[in-house]
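Trainee: Have a look at this one.
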Amino acid sequence: MRVPEGGGARHDPGVSDAAETNQQGTERLSDTERRERLRERRIRASRGARRTLGRAVAQRTLRERLALLEHAAEVYDLDEPADMYGDGVVESLEAKVAGLLGKEAAAFFPTGTMAQQVTLRCWAGRTQNPAVALHALAHPEVHERNALSQVSGLRPVRVTSEPRQPTADEVRGLDEPFGALMLELPLRDAGFVLPSFEELTEVTEAAREREAVVHFDGARLWESTVHFGRPLDEIADLADSVYVSFYKSLDGYGGAAVAGPQTLVDELKAWRHRYGGTVFQQFPTALSALVGLERELPRLPDYVRHARVIAEALREGFAAAGLPWARVHPEVPHTNEFQLWLPHDADTVAEAAVRHAEETGTLLFSRPWAAPGPGLAVTEIDVRAAGLEWSAANVRTAVAEFAERLAEQVSA
């Protein structure tokens, strides 16, 4: 389950009614005002924190984001002409991505939503089948307002709705033909979960038994190599096409790419133009992506390995604090991101988390808390460069401090 940043059907929980009033302490705030007030407090706490596991790109200032391009000369000749409609530095980025993924070519897109719509539309034309088999929790199904059907004329077919990756038997057992199987690796809304490499191989083979192509939604594929125990190109080799994002893991300004056969990429670029994605100049985004590939990509395996240390310390810390029912999911994280579940009202947990950051300068939970059901709260943990400085003892101490404030909120 994705944890939203305020608003939407899955609301970003505000703080408790007792704590969230105006300065006079009498006027009760609306739900929208409470969500916004909490978001602002969380961002302030993040910026002022002396210790954090990782600070989201969205919480950084413009000055911090612009500083990323200070490293641009390390990855590209800045005396070259600026790009125009996808040439120059954009072509260099495309070639870099194709090489990393072991594909013939790649096409840059301004957004991942556009990239995947165009790719699946092109595959539908080639297979003569508009049905796309995918997980019920896949990004296009949950977060894109039915774009596959409303914009691209495709027909999503759900393989499973279970909070795990689809199985080969489920793919073989679909009761209607489909032209493409789309696999989100990792599946974020299920807890950033991945299959084993053997399971992934079996699923792709099952799709091809059905005469379908395989497309990877690899927005976070970059950090999957530790779990799979394989290099990127070997993972990508299982798919006919692979989409990757430049900002989710690499801290780029935005943008995405799809890698695959040269003939497919040529068609993607034609449809990119038709969809309005051939932007006049994209050099800031392309340069930031190249910087991310140079600086962040090599660090991701360390983040993943340390996320496992953090996850175990969280379990130990909550058990020591008398909260043994706290759940880390997956128990051993598949990537550097995972979920933490607590059996408490999300509003109560959210207030305790922000109070902990404000009062100690330690930001244990940088993302909002959502309420997946009554008396439940879930958040996402993202371990980045700053998180490498945390020892297991640091985590256990922070959990104890948070647990004290949670107990106070529960009893308030």
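The values are calculated or read from the model by the stated rules, or taken from the named source; none is laboratory data. Everything numeric here is computed off the predicted structure, so don't read it as measured data. Cβ sites come from the backbone with ideal geometry, for glycine too, and all protein chains shown count toward neighbours. SASA here: full protein model, heavy atoms, side chains in, ligands and nucleic acids out. Shrake-Rupley method; radii C 1.70, N 1.55, O 1.52, S 1.80 Å.
Trainee: Please give the number of the condition residue 182 fails out of (1) open to solvent by less than 10 Å² (accessible area, probe 1.4 Å); (2) part of a loop (DSSP other than H, G, I, E, B).
Mentor: All conditions pass for residue 182, except number (2).
Trainee: Within the bounds of the stretch 335-342, is there any residue that is assigned to a loop (DSSP other than H, G, I, E, B) and either touching a Gly at 6+ places or on another chain (Cβ under 8 Å) or open to solvent by less than 10 Å² (accessible area, probe 1.4 Å) (or both)?
Mentor: Yes; the residues of the stretch 335-342 include at least one that is assigned to a loop (DSSP other than H, G, I, E, B) and either touching a Gly at 6+ places or on another chain (Cβ under 8 Å) or open to solvent by less than 10 Å² (accessible area, probe 1.4 Å) (or both).
Trainee: All but one of (1) out of contact with any Phe, Trp or Tyr (no Cβ under 8 Å at 6 or more places or on another chain); (2) buried (at least 16 other Cβ atoms within 10 Å of the Cβ) hold for residue 231; which doesn't?
Mentor: All conditions pass for residue 231, except number (2).
Trainee: Answer yes or no as to whether residue 269 is among the basic types (Lys, Arg) and more than 21 Å from the chain's Cα centre (by Cα).
Mentor: Numbers: among the basic types (Lys, Arg): yes; more than 21 Å from the chain's Cα centre (by Cα): yes.
Spelling it out, residue 269 is indeed among the basic types (Lys, Arg) and more than 21 Å from the chain's Cα centre (by Cα).
Trainee: Under 6 Å by Cβ, and 6 or more places apart or on different chains, what pairs join a residue from the stretch 132-155 that is within 15 Å of residue 190 (Cβ to Cβ) with one that is hydroxyl-bearing (Ser, Thr, Tyr)?
Mentor: 136/161
Trainee: Which one is most open to solvent (accessible area, probe 1.4 Å), of the residues in the stretch 357-412 that are without any contact (Cβ under 8 Å) to a residue 40 or more places away in the chain and within 18 Å of residue 330 (Cα to Cα)?
Mentor: 376
Trainee: Something else now. Restricting to the stretch 45-65, name every residue that is open to solvent by 20 Å² or more (accessible area, probe 1.4 Å), closer than 28 Å to residue 391 by Cβ and either at pLDDT below 90 or part of a loop (DSSP other than H, G, I, E, B) (or both).
Mentor: Selection gives 47, 48, 49, 50, 55, 56, 57, 58, 60.
Trainee: If you don't mind, there's one more thing I want to ask. Within the stretch 368-397, can you find the residues that are closer than 24 Å to residue 347 by Cβ and more than 25 Å from the chain's Cα centre (by Cα)?
Mentor: Here is the first cut: in the stretch 368-397, the residues closer than 24 Å to residue 347 by Cβ are 368-382.
Across the stretch 368-397, the qualifying residues are 374, 375.
Trainee: When residues of the stretch 213-228 are filtered for being touching a Pro at 6+ places or on another chain (Cβ under 7 Å) and either of a type in the set (Lys, Arg) or crowded, with 22+ Cβ neighbours inside 10 Å (or both), how many remain?
Mentor: Taking the stretch 213-228 first, the residues touching a Pro at 6+ places or on another chain (Cβ under 7 Å) are 220, 224-226.
With either of a type in the set (Lys, Arg) or crowded, with 22+ Cβ neighbours inside 10 Å (or both) added as a condition, the list becomes 220, 224.
Number of matching residues: 2.
Trainee: So is residue 178 of a type in the set (Phe, Trp, Tyr) and farther than 24 Å from residue 328 by Cβ or not? Let's see the steps before the verdict.
Mentor: Working: of a type in the set (Phe, Trp, Tyr): yes; farther than 24 Å from residue 328 by Cβ: yes.
Considered against the rule, which asks whether it is of a type in the set (Phe, Trp, Tyr) and farther than 24 Å from residue 328 by Cβ, residue 178 comes out as yes.
Trainee: Check 309, 328 and return the single one that is free of Cβ contacts under 8 Å to residues at least 60 places away in the same chain, under 19 Å from residue 398 (Cα atoms) and β-branched (Val, Ile, Thr). First the steps, then the outcome.
Mentor: Details: 309 fails: free of Cβ contacts under 8 Å to residues at least 60 places away in the same chain.
None of the others qualify; the one that does is 328.
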